[in-house]
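Report on one structure; see the data block that follows.
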Amino acid sequence: MEAATLRIGEMEVPHDRMVARLHHVEITEEYGISIRLAEQYAYQLAQMTRENLNQSLPLAVGEDVIAEPVIQTPILDGRILIAGNFTRREAADIVARLSVPCPPESGSGS
């Protein structure tokens, strides 16, 4: 499986600059994805969400748009929760796509 980037509006976040985890709400049995961005991307996200209040901002994994939330408040801490209409398998697949480790460099000679 090839690692996917996370696109938030026009910003692209490489898989190695975030941590993605499966999110489960036991009471409602809903699944989602929680994502924590590296500092430089958290700063960009804060600026983008300040500038786009009350507008939708598409979130995509690779080329697949997974949500288009309306920004109601700025996201200042680089933490995103994408919740809602995901099955456990769908949410786990998205987390796996965002969490694929980098392949080892070839030609490192031994």
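Read the figures in this text as sums done on the coordinates, not as results from a lab. Because the structure is a prediction, the values reported are computed rather than measured. Heads up, the Cβs are rebuilt from the backbone with ideal geometry, glycines too, and the neighbour counts pull from every protein chain shown.
Filtering 92, 60, 42 for residues that are among the hydrophobic types (A, V, I, L, M, F, W, C) and closer than 10 Å to residue 8 by Cβ leaves a single hit, 60.
For region 63-82, filtering for residues that are in contact with a strand residue (DSSP E or B) (Cβ under 8 Å, 6 or more places away or on another chain) and not charged (D, E, K, R) leaves 10. Looking across region 60-86, the residues that are surrounded by fewer than 17 Cβ atoms within 10 Å (Cβ to Cβ) and either polar (S, T, N, Q) or on the phi > 0 side of the Ramachandran plot (or both) come down to 62, 72, 73, 84, 85.
Against the conditions (1) free of Cβ contacts under 8 Å to residues at least 60 places away in the same chain; (2) of a type outside the set (Gly, Ala, Ser); (3) surrounded by fewer than 16 Cβ atoms within 10 Å (Cβ to Cβ); (4) out of contact with any Ser or Thr (no Cβ under 9 Å at 6 or more places or on another chain), residue 12 satisfies every one except (4). Here is the figure for region 39-59: residues that are in contact with a strand residue (DSSP E or B) (Cβ under 7 Å, 6 or more places away or on another chain), surrounded by 14 or more Cβ atoms within 10 Å (Cβ to Cβ) and farther than 21 Å from residue 91 by Cα total 4.
For region 23-32, state whether one or more residues are of a type in the set (A, V, I, L, M, F, W, C) and crowded, with 18+ Cβ neighbours inside 10 Å. Among the residues of region 23-32, not one is of a type in the set (A, V, I, L, M, F, W, C) and crowded, with 18+ Cβ neighbours inside 10 Å, which makes the answer no.
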